[in-house]
Every structure is written in structure tokens, then in C-alpha cells.
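For reference, the structure is listed below as C-alpha cells.
Values quoted throughout were computed directly from the atomic coordinates according to the rules given, and no laboratory measurement underlies them. Remember, it's a predicted structure, so these values are computed and weren't measured experimentally. We place every Cβ from the backbone using ideal geometry, glycine too, and count neighbours over all the protein chains shown.
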Amino acid sequence: MKTLLIQISLIASLVVLLTSCSARGEVRLLRQELTLSLDPERHLVAGKSTLVFGPGSGNSAAFALNGKATVEQVSVNGQESAYRRTAEGLVVELPGKAGSPVTVSIQYRCTFNDPTPERTITTEDPTYGVSGAITADGTYLGSDAGWYPTSITQPEKRGVTVTAPAGTEAITAGRRLFRRTEAGVTTSAWEEEHPVERLSLSAGPYVVQEKIFAGIPLYTYFYPENASLADRYLDASAEYIRFYAEKFGPYLFEKFAVVENFFPTGYGFPSYTLIGGSVIRLPFILTTSLPHEIAHCWWGNGVLVDSRGGNWSEGLATYVADHLMEERKSSRNGRDYRFRILADYASLVGPGDEFPLRQFLGRVDSPSRAIGYGKAAMLFHMVRKRIGDEAFFGALREIAREKRYAAVSWEDFARAFCKRSGSDISPFMAPWLDLAGGPRLALAGVTRNEEGSGGWRVTGKVRKEGAYPLVVTVRIEARGKAYDRTFDLSGDETEFSIKLSAPPSRVLLDPEIDLFRILSQAELPATVNRIKGSRALTLVTGRNCAADTETLRLLLRSLGQGETMIVPEKDASTDSLAGRDLLVCGVPERTELLPVLPPGSAVASSDFTVGGERFGSEGDSLFMVGSRQGEPSRVAGLFLPLSTGAARACVLKITHYGRFGLLVFSKGDNRKKEIVVPDEGKSVVAF
Ligand SMILES: [Zn+2]
């Protein structure tokens, strides 16, 4: 996951690069050398940055540096030099002699102490508001923090040497030259052959473990509590690097490392990923976030994003990691993953939230994630279905080979797909990139008739809203067999007539979920995401709601519904709740406020039963979402903690289970998570 901030700084540096090149020709920054010392007790970094410019560097050079930094000394070619401090950094006078390189050294110090979150309430701001923190718990200096002087020109080589109190290991991009501890000081040195963006740096009392795979050093930098997980991460990293190298060509960086952060991030940087400790312990991270971040080593960090036309890298990483890992298990898993993308989109993206893929820079909330990750992944899927696996993966391999360390756009992908497949894919891709939202599809007027000769005929229409070129599959099931036909949907309505020898039992539209479309409400599973995406939510407290108001407020904030009204049941009139989604705490006296309960479930104030299993301990909590009784297009959620403590223990976890509709927690640990997918709606007709 690259952050929005990284993307913005990328655009800024691209723009500046372009103007500076045209103004005074190419000035090369041959090398940047950083020597830093970290003082966690005082939140301080003191450092020296030495930059060697090639000939033709002009009369001055500008460097970005945090506005709070103290510049202690600047020298040019070894002589102390004048400089001017600006809001963004400093400007240094240069001798202006053409024909010889210039070495600029800047000595500075700066404190970084952004407060880091102890508890995470919202999960969609990937930065958690932290750009720089040097603390006894750990150090994180983000690429946007201005923690070292940067030139607008990317250095061709970069080295970083960090000294810190004994035991504090530092890690950044590039190859590790050495790490050693002497006389109470730990030194870590790193060197990059191809710097691709501004540096981030992490440090902490890490246990460092390593393994070599195909000549690539793999590291874990974990806190002692998680050190026992290192082998699993090292083995999985090796496996994913092998998998992607076979698919897309050689791994481009000097190493790969999984680094633990002291607050909960999920960053992918060139050659390492930075993951929060609580996240590292979640078992599914090994098969979800880890391959996603490693895929970014090719897509986003190896081949860079030309963000002026939209950030494609999250959609592609989602497609070749999260989706492909599911598809490798079985085609059914792949289909289910694609369904979840559509369900997330329809649940989370309201009409006011939609924007074209070209405007996606990075996720800032749930809707932007559903668009920039989900919809974009589906665009790659639709292209692959149109041109075939060989052309699709062949084009990706070609881009990975020819555009390494270069910025590419959606158009570069369209060109490569066209070259490999021989067909111009741009007219197909254009509306998906330029229009907000997506098409809606439905079956209409479907009938089956027995024909005289003993055969059967199914006729009907596919209705389409939205100006997207689509080829759709209609599947007819008959006597346990599936018969697929594909239709080009050029107009708003396409009629079909299909002859079969057996009596048809069901007709399904796009049965393998190969198209991006906006699901109708009736097709949507009732999930936590439906509560998160609600535009009209009321929280109703029943008399025996065990959660206190503070806990309910936390729950609403974590669900992105901080503005929602909390109304006691006695004050909630039927009229005031009409047409709204509900979240009910405790069992209400008016049972019609409860969601439609799945078979085998029952709820009471002191216990509940789901799937035939009874839960009655005071640490137990139930959170379930279903259709609202009498208002099937609305959802109702039930939060039923059996004690105040049970509510507090699970309240901030619920939001992480967005795709599920039934959750049971015991003392905060998840015991059950289930999803109920409705098998109805306008895309299925059963006879
Ligand atoms: Zn990502």
C-alpha cells in the first residue's frame, strides 16, 4: 500500500523535475550520502547530507528540509558557504563554474515527535496522522517528513549510515552494507543502486533475522515479542518473490524486508514493507497483505506510477496479489473474491462518493479504496478476459522489463495490451477510466417454453444502464449442467433466445462475476460494510443495551458513522425510523426492529444462539447484520454484548470484519465470522 502522501510528493517531484530540466538542462545528482545519528530520548536526528552534483549545476541549488530543522553548517566543495533558509528548506549558493562537479554538505538537526495512536479507531487513514516520530518505542521517518535535505533531482546513488544507542537497528531502502554494535553504539549502513523516491526510515530495538533466496537477502526486523514469527515471514516472502519473478521477470531491488512498526501501518516501500505489530500477528496477513506488498515491488515501486493520469498501482497489486492468490486456490475462490469487490463497491460507495479511476491517487477512506483498489482490479480482470492470459501477462512482463524505474500511465498499459493481443483495447478501457460509477445489469422477461420437438427454449432480455461496452455471459442450468452463451451488449436492451435439449432450471447473468457492475440492493449480502456505507443510519438503544454511551460512540466512529444519532428505543417513533438503516444495541422491546435472523438463531438479553450454538458468558458479544424487517432494501444491525466489558473488548474490532454479516466475540477474540450471500436479485431467475 503506497500512501496518498507518497503519490502526491511523486507528482510534485515530477512537475518540478520537468520544469527544472527545461529551464537549465539536465543536472545530474551523482550521489547523496547521509550520515545520521538518532537520539530517541530527545526525539532528535542530527545529520549530515553530502550531495555530489555533476557539471552545470548553476549558481544555486534548492533543498527541501523540514521547516523546524536547525541548519548548522553548509559547505560547498569543502568551504563554508552562504545559504538562505526558506519555508520549504534552504537555497545554497554554488560557484557556478561549468565543467566541474560540485559537492554540497549540509549539517542539520531536527526533532520529530508526532503523537502515535495507542488505539486505532478508524482504519482508512493509512498514515494515522504520523509523518515523523523518533521515540524510545521506535522511529519512523516518512518520506514526506522532510527529515533530510532532498534535491528536486533524484540522486543516481544514495547511501545512508545511521548510528543509534546500542541495540537500535535502522533500516531503509537499498542493500545493507553492514550492521554492528561497538562501544554502546549500533551502526546500520544502507546503499541504493537505483533510488526511486524519497526515503523513509525506521529504527527500533529489533531482532534481525535473515535468509538468502536466489541471491536476494530477505530480512525481518521484528520486535522481540514477534521474533518467533520471522521464519514464517521469510519463507513466505521467498515464495512470493519466486512466484512474481516467474510471472513478471526478475526482482528489481537489493533486498526485501518485513519491518515491524510501533503503530499500525501497512506501507510498501521500495524493497521493504512496514507493518504494525498487531497486524503482523494476524495469521491472514501472510497470505493477503504480504503478497500485496511484494507485488508492489514490481507494480508501483519497480515500475512507477505516472499519477497525472491516475494511480493504477493499487488496482494492479490487488489484482495480481489479493485476487490471484484466491484464484490460485480455485476458480470458485476467484469468483467469490470478485463478488466481494462488487459487494464492497455497492455497499460503501454512495452516489456522492463516485469519481473516475483517472482521479484516484491513493485511498483516503472506504469509498476511495473500493474505487481505486476494487474497481481498478476489475478493469484489469475484464482486460484479461478480453485478450486472454497469454497476451495479458505477456504485456505485464514487457512493461516490467522495459519500464523499470520509469513512471507509466494507464495509456502505457493499453498500448502494451494492444501490442500483445493485436487488438486496440483503448476504446474499451476509456469509459472505465473516464466515467464515475459503473453499469447496472439485470435480466428481464425471462421465460422458458417447451418446443414441439422435445427441446426447450429460453428467451429474455439483458438490460443495461450506463455507456460501457460489455460482453456478458448468460448461463442456463439444466439437469445439473451449465450452458454458457456470450452476448455483446451494445444497446440498453439485448434480447436472447437459447435452445436446449433439457428442461432449464435457472438463468444466471455473468455467473463468474467477470464484469464490473453496480449490484442491486437485492443482490447485496447484509454485511458490516452496509452499516459503514449507510447514508441514513440511526442507532437505537434497547433497555438492556450493555454497552455504555462512550463505547457506542467509539463503535460509530470506527464504522465511519461518527455523526450518527443515538436514540433510546422509547424515543424512537416508527415514523422517525421509516426508510432508515438501523443499528440496535441490546434486544429491543419492539422485535420488528431486529434484523431478519438467519435460521437457527435466537437472541435474548442474557444469551444468544447462532447456527445452533448458544453463547451465554458475560464476555460474549454478537454483532449481526440482516435485512430490515418490512424494508428489504434497508439493513438492520444488532449489537448484543452480554456485559459492558464484553462490549469494550470487541468494539474496535468489528470494523475490520467489513465483509461479514455475523460476528461473535468472546472477551474481544473473534469466535465466529460468517457471510450470508443472497442467491436472488435481478441477475438470477429460477424456474
Ligand atoms: Zn497497495
Exercise for review: Please arrange His323, His656 by counting, for each residue, the other beta carbons lying within 10 Å of its beta carbon, fewest first.
Suggested key: His656, His323
Check your understanding: Dividing the alpha-carbon radius of gyration of segment 249-379 by 2.2 N^0.38 Å (N being the number of residues), what value is obtained?
Key -> 1.06
Point to revise | Contact order relative to length of segment 465-527, as percent, for alpha carbon pairs under 8 angstrom and 6 or more apart | key: 37 percent
Exercise for review: Please give the length that would be gained between Ser501 and Thr609 if that part of the chain were fully extended, namely 0.36 nm times their separation in residues minus their C-alpha to C-alpha distance (nm, one decimal).
Suggested key: 34.2 nm
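If N is the number of residues in segment 574-621, what value comes out of its Cα radius of gyration divided by 2.2 N^0.38 Å?
Values: Rg = 12.5 Å, N = 48, 2.2 N^0.38 = 9.6 Å.
The value comes to 1.30.
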Revision key, fill the gap. Longest principal axis of the chain (C-alpha) makes with the long axis of helix 230-248 (C-alpha) an angle, in degrees to the nearest 10, of 80 degrees
Revision key, fill the gap. Amide H contacts under 5 Å for Val446, restricted to residues at least 5 apart in sequence or on another chain and with H modeled in the peptide plane, are Lys461
**Study point:** In sequence order, calculated HN-Hα J values of segment 144-156 (Karplus, 6.51, -1.76, 1.60; Hz; x Gly/Pro)
**Key:** 9, 7, x, 7, 8, x, 10, 8, 5, 8, 6, x, 7
Exercise for review: Bin width 5 Å, alpha-carbon pairs only: give the P(r) of segment 440-519 as whole percents, running from 0 to the bin holding the largest distance.
Suggested key: 3, 15, 28, 24, 15, 10, 4, 1, 0
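Expressed as a rounded percentage, what relative contact order does segment 307-434 have, with Cα pairs under 8 Å and six or more residues apart?
For segment 307-434, the relative contact order is 29 percent.
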Check your understanding: Using θ = phi - 60° and the Karplus form 6.51 cos²θ - 1.76 cosθ + 1.60, what ³J(HN,Hα) does each residue of segment 529-535 get, whole Hz, x for Gly and Pro?
Key -> 4, 5, 5, 4, x, 4, 9
Point to revise | Label-zone membership for segment 466-507, site Glu450, 7 angstrom Cα→C-beta point, backbone N under 20 Å | key: 477-481, 498-507
Exercise for review: Counting other beta carbons within 10 Å of each Cβ, put Glu193, Glu169, Glu398 in order, fewest first.
Suggested key: Glu193, Glu398, Glu169
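Restrict the search to segment 75-118; then list the GluC sites (Glu not before Pro) that DSSP places in a loop and that have at most 12 other Cβ atoms within 10 Å of their Cβ.
Values: sites: Glu80, Glu88, Glu93, Glu118; in loops: Glu88, Glu118.
For GluC sites (Glu not before Pro) across segment 75-118 that sit outside H, G, I, E and B with at most 12 neighbouring Cβ atoms in 10 Å, the list reads Glu118.
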Check your understanding: Just from its helices, what would the mean residue ellipticity at 222 nm be for the chain, if runs of 4 or more DSSP H residues each count -39500 (n - 2.57) and the sum is divided by every residue, rounded to the nearest 500 deg cm²/dmol?
Key -> -7000 deg cm²/dmol
Exercise for review: At 20 °C and 1.002 mPa s, grab the translational diffusion coefficient of the chain from Stokes-Einstein with a Kirkwood Rh over Cα pairs, rounded to a whole number in µm² per second.
Suggested key: 77 µm²/s
Study note, to complete from the structure: Checked against the positive end of the charge dipole of the chain (+1 on Cβ of Lys and Arg, -1 on Cβ of Asp and Glu, about the Cα centre), the farthest of Trp432, Val584, Leu559 is Trp432
Revision key, fill the gap. The answer for Phe213, listing residues at least 5 apart or on another chain whose modeled amide H is closer than 5 Å to its amide H, is Leu218
Revision key, fill the gap. Simple SL model, points at 7 angstrom along Cα→Cβ for Phe339 and Arg42; separation in nm is 6.1 nm
Check your understanding: Please state the relative contact order of the chain as a whole percent: Cα pairs under 8 Å, 6+ residues apart?
Key -> 9 percent
Review point. Suppose every K and R has +1 on its Cβ and every D and E has -1 on its Cβ; what is the size of the dipole of the chain about the Cα centre, in Debye to the nearest 20?
Key: 920 debye
**Study point:** Nearest-0.05 FRET efficiency for Lys673 and Thr111, computed from C-beta distance (R0 41 Å)
**Key:** 0.40
Exercise for review: Report the label-to-label distance for Asp484 and Ser100 in nanometres (one decimal), using points 7 Å from each Cα along the Cα→Cβ vector.
Suggested key: 7.1 nm
Practice item. Please work out the Cα center distance from segment 342-417 to segment 458-530, rounded to the nearest Å. Key: 24 Å
Study note, to complete from the structure: Under the 7 Å Cα-to-Cβ spin-label approximation, Ala166 and Glu390 lie apart by a distance in nanometres of 6.3 nm
Check your understanding: What FRET efficiency do you get for Arg440 and Arg332 if R0 is 30 Å and r is their Cβ-Cβ distance, rounded to the nearest 0.05?
Key -> 0.75
Study note, to complete from the structure: Whole-Hz Karplus couplings 3J(HN,Hα) for segment 430-436, θ = phi - 60° and coefficients 6.51, -1.76, 1.60, Gly and Pro as x, run 3, x, 5, 8, 9, 9, 7
Revision key, fill the gap. Checked against the positive end of the charge dipole of the chain (+1 on Cβ of Lys and Arg, -1 on Cβ of Asp and Glu, about the Cα centre), the farthest of Pro165, Phe222, Thr494 is Thr494
Check your understanding: Roughly how compact is segment 579-687, stated as its Cα Rg over 2.2 N^0.38 Å to two decimals?
Key -> 1.09
Practice item. Take Trp312, Trp456 and order them by how many other Cβ atoms sit within 10 Å, fewest up front. Key: Trp456, Trp312
